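Take a look at the structure set out below.
The values are calculated or read from the model by the stated rules, or taken from the named source; none is laboratory data. Given the structure is predicted, the values throughout are model-derived calculations rather than measurements. Here the Cβ is made from the backbone with ideal geometry for all residues, glycine too, and neighbour counts use every protein chain on show.
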Amino acid sequence: MVFFDQATLPCCLRSVRAVLLKDFGGPEMLLLGEAPTPSPGPNQVLVRVVATSVNRPDIIQRLGHYPPPAGESDILGLEIAGVIERLGSGVSGWRVGDRVMSLVGGGGYAEFANAYADHLIAIPDEVNFHEAACVCETYITAYLNLFMLGAVKNGDTVLLHGGGGGVNTAAIQLCKALIPEAKIVVTASTGKVERVAALGADLVIDYKQEDFTERVLSYTEKKGVDVILDHIGAAYLSPNLKSLAIGGRLVEIGVMGGPKAELNIALIMVKRQQIIGSVLRPRSVAEKAAITREFTRTALPLLSNRSIKPLIHEVFSLEHVRQAHESMEAGTHFGKIVLEVSAG
């Protein structure tokens, strides 16, 4: 860990609290230390971070398997909620003191973080900082992959894997609010089935006790589902394709079950199925800006009127970041794990 002499640093580089990595590995590698305050570049703003959240990519980065894109902070954290502290050159439409939430390429686990002005979303008055810290990574991921890429529409049947996580609890809420005539099928572990059903899923399958493909085909009268949102990858590829309807779309957003599997191309051709790979973090600034605009236009009003509300499993202080990561890895959480960084 590097410490900085405050007396020798200009104001813009004064030290702030941040979560640092001693080395790649388990949660014990995380420590609360000091880092220079970032300086906003052109079209960026400096945000005083009130809250951030723990996401699965944070775990993967901590293990050494998910480096930040070039030019981004190597501090963990992919979304922030806070208050604009300073404007970079070329920024218009925002003011110091505005409450904002944003995707970031890194740096969320710190008292201050840079964000591109085009990635900012104004926090509605009805939404607190803890809730706002849950929005950008998970709700935008769900919206992008289901609606912009998966083209879900009313009348479709959607299969979501891992119903207790942040992305899928967001996905259930978005589907219920935006396409109320769609059917939502969710796989969940034994202890989460009832809570997933309470969110509005039409069918919840306990994947530890049941074959989800058999249940899906029975539920859909052998038609299959129209869209699948999957973060498992290789282990689920074959059963996913069997569960997918003619003309269906399989959107892959993770490889927790491995990155490689055999593929029956002939079956995909006959059933006119699509496999769509998708990641959010490495996309260009312009791509993320376009996705953010579309999400803001379509989904932000649902947060304002409380049609959707982020589910918070637990709030940890920044000092307890190790426990927050342990909670994520245990897999017993339901909804989002939030880190409180500073006072709102």
Please tell me if Leu46 is surrounded by fewer than 16 Cβ atoms within 10 Å (Cβ to Cβ), in the same structural domain as Gly90 (by TED's automatic domain parsing) and touching a strand residue (DSSP E or B) at 6+ places or on another chain (Cβ under 6 Å). no
Having 2 or more residues that are surrounded by fewer than 16 Cβ atoms within 10 Å (Cβ to Cβ) and at pLDDT 95 or above is the bar; report the strands (runs of 3 or more DSSP E) wholly within the range 178-261 that clear it. 244-252
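Every residue, every condition in (1) surrounded by 23 or more Cβ atoms within 10 Å (Cβ to Cβ); (2) at pLDDT 95 or above; (3) of a type in the set (S, T, N, Q); (4) assigned to a loop (DSSP other than H, G, I, E, B), yes or no:
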{"position": "Ser92", "(1), (2), (3), (4)": "no, yes, yes, yes"}
{"position": "Met101", "(1), (2), (3), (4)": "yes, yes, no, no"}
{"position": "Gly105", "(1), (2), (3), (4)": "yes, yes, no, yes"}
{"position": "Gly108", "(1), (2), (3), (4)": "yes, yes, no, yes"}
{"position": "Asn114", "(1), (2), (3), (4)": "yes, yes, yes, no"}
{"position": "Asp125", "(1), (2), (3), (4)": "no, yes, no, yes"}
{"position": "Glu131", "(1), (2), (3), (4)": "no, yes, no, no"}
So for the range 314-323 (the condition being closer than 27 Å to Lys176 by Cβ and in contact with a Leu (Cβ under 9 Å, 6 or more places away or on another chain)), does at least one residue qualify? yes
Of the residues Ala324, Ala289, which single one is touching a Phe, Trp or Tyr at 6+ places or on another chain (Cβ under 9 Å), over 28 Å from Leu199 (Cβ atoms) and either surrounded by 15 or more Cβ atoms within 10 Å (Cβ to Cβ) or of a type in the set (Ser, Thr, Tyr) (or both)? Ala289
Please work out if Lys192 is charged (D, E, K, R), in contact (Cβ under 8 Å) with a residue 24 or more places away in the chain, in the same structural domain as Asp211 (by TED's automatic domain parsing) and closer than 25 Å to Arg249 by Cα. no
Residue set Leu46, Leu76; condition touching a Gly at 6+ places or on another chain (Cβ under 8 Å), in a loop (DSSP other than H, G, I, E, B) and among the aliphatic types (A, V, I, L, M); output residue Leu76
